[in-house]
Amino acid sequence: MRPTERFSARADHYRRYRPGYPPASIDLLATQCGLSAGAVVADVGSGTGILSEQLLERGARVIGIEPNEAMRTAAEARLAAEPRFRSVAATAEATTLPQESVDLWVAAQAFHWFDAPRAHTEALRVLRAGGCAALLWNERPPEPGAFLEEYEALLRRHAAEYTAIVARRVDEASMREFLGAAMRVARFPNQQLLDYAGLEGRLLSSSYAPAPGHPEHEPMLAGLRALFDRYSEGGEIVFPYETRVYYSQLKPGG
């Protein structure tokens, strides 16, 4: 399956159950990367509009670049009332945006699906002089705790692609090659508070999760239910993350 098609059947779960990004991480984009009222931001691989919505709250003009129709449609519905949002059916490697039209280039939970050298060339084309780029991730925290350790063991048992996709996602060397030697990294705590339906939806939003009909789907959900029952309190469970922001000035100033 091509990367641009992997989330076609998962857009609703993604829209409903994926976490956003902590306010401090958006503050960082404002203080270090040029996010401001009126700034033009390309949200590349914008998915269902989770980050786009937070950028719009800071007064930016946001262009969501998303090749997957189901994900793009979800973002368009989510942000339909926002005149500063524009949705574009395009890719990181060919955004269709005019040359030097963007103040900030961002990608959240998407960089590992890009052809990085081609996306880099395209980012340099569309960024204005002095423009920054940032890659955002919600990742495993440094001290994950027993619940998350067992959750990841469950994925390794039932989701054949999990290990390979995570390895691509946390490949800091690839991010440094894209952002340059001046790349900086900031880390912020983040979490979701989920009931069982939310935890199941969070798992099924992942591209590596076996879908209904797959022989591992039902055993995976049975294990997830047992995990929730073991660790939840008051019908809810804390799902922890560390939000990481990799950023740099990608294009030299004029």
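Taken together, the values in this text are just the output of simple stated rules run on the coordinates, not laboratory data. Keep in mind the model is a prediction, meaning the values are calculated, not measured. Cβ: placed from backbone, ideal geometry, glycine included. Neighbour counts: every protein chain shown.
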Could you give me D for region 39-98, from Stokes-Einstein at 4 °C and 1.567 mPa s, where the hydrodynamic radius is the Kirkwood radius over C-alpha pairs? Units µm² s⁻¹, please. 118
With Gln99 itself left out, Lys, Arg at +1 and Asp, Glu at -1 over residues whose Cβ is under 13 Å from its Cβ give +1
Can you give the extra length, in nm with one decimal, that the chain gains between Ser232 and Asp27 once fully stretched, where that is 0.36 nm per residue apart less the Cα-Cα distance? 70.6 nm
I'd like the antiparallel share, as a percent to the nearest 5, of DSSP beta bridges with both residues in the chain. 55
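Which whole-number value in Å³ per residue fits the convex hull of the alpha carbons of region 1-127?
98
Would you tally the net charge around Leu79, using a Cβ to Cβ cut-off of less than 15 Å, leaving Leu79 out, and scoring K and R as +1, D and E as -1?
Numbers: positive: Arg15, Arg58, Arg61, Arg72, Arg78, Arg84, Arg86; negative: Asp43, Glu53, Glu57, Glu66, Glu76, Glu82.
Once positives and negatives cancel, what remains is +1.
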Normalised by the empirical 2.2 N^0.38 Å for globular proteins, what value does the Cα Rg of region 78-147 take? 1.38
For Ser36 and Glu139, compute 0.36 nm times the residue count separating them, minus their Cα-Cα distance, and round to one decimal in nm. 34.5 nm
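What value does region 133-185 have for Rg/Rh, both radii from Cα atoms and Rh as Kirkwood defines it? Show your work: numbers first, answer last.
Values: Rg = 13.7 Å, Rh = 12.9 Å.
Expressed as Rg/Rh, it is 1.06.
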Give me the angle, in degrees from 0 to 90, between the Cα long axis of helix 145-158 and the longest principal axis of the Cα atoms of the chain, rounded to the nearest 10. 90
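Go ahead and run the numbers for FRET between Arg58 and Ala182, Cβ-Cβ distance against an R0 of 22 Å, rounding to 0.05.
Details: r = 24 Å, r/R0 = 1.08.
Rounded to the nearest 0.05, the efficiency is 0.40.
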For region 167-254, the fraction of alpha-carbon pairs in successive 10 Å shells from zero, as %: 14, 31, 27, 19, 8, 2
Using only the alpha carbons, work out the radius of gyration and Dmax of the chain in angstrom. 18.1, 58
Euclidean distance between Cα centres, region 39-107 to region 170-204, Å: 19
Project the alpha carbons of region 59-182 onto their principal axes and report the range along each, largest first, in whole Å. 46, 38, 26
